[in-house]
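As structure tokens, the structure follows; a few thoughts come after it.
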Amino acid sequence: MSVWRHKKSQRLYLAILSKGIVACSGDSLRDGDEVTIYRDPDTMQYFVRRTTEFNDGRFEMTLLNPPRPK
């Protein structure tokens, strides 16, 4: 597990927990899109984002140890 910083909000997230494939369709995600699943260690909330978006520069890997859940 690695720690990533969202550049705009400066929040830290645990990632990459998993990669998956979308199994639905909609306006922004389509069936078969690859996604990255990551978690906010403070709220324990999971987020799903297209892997291409996750890797487009809005997140940066840090050298910090993963934060412990509260």
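The values are calculated or read from the model by the stated rules, or taken from the named source; none is laboratory data. Computed from a predicted structure; not experimentally measured. Glycine gets a Cβ as well: all are built from the backbone with ideal geometry, and neighbour counts include every protein chain shown. The area values use the complete protein model at the heavy-atom level, side chains included, leaving out ligands, DNA and RNA. Shrake-Rupley method; radii C 1.70, N 1.55, O 1.52, S 1.80 Å.
When the residues D40, D33, D56 are ordered by accessible surface, computed with a 1.4 Å probe over the protein chains alone, the sequence from largest down reads D56, D33, D40.
Net charge near S9: determine it from the other residues with C-beta under 13 Å of the C-beta of S9, scoring Lys and Arg +1 and Asp and Glu -1. Once positives and negatives cancel, what remains is +2. Ranking of L63, L14, L29 by solvent-accessible surface, largest first: L63, L29, L14 (1.4 Å probe, protein heavy atoms only, all chains present). Can you give the FRET efficiency for Q10 and M44, using 1/(1 + (r/R0)^6), R0 = 25 Å, r = Cβ-Cβ distance, to the nearest 0.05? Calculated value: 0.85. Here each label is just a point 7 Å from Cα along the line to Cβ, and for I37 and S2 those points are 1.9 nm apart.
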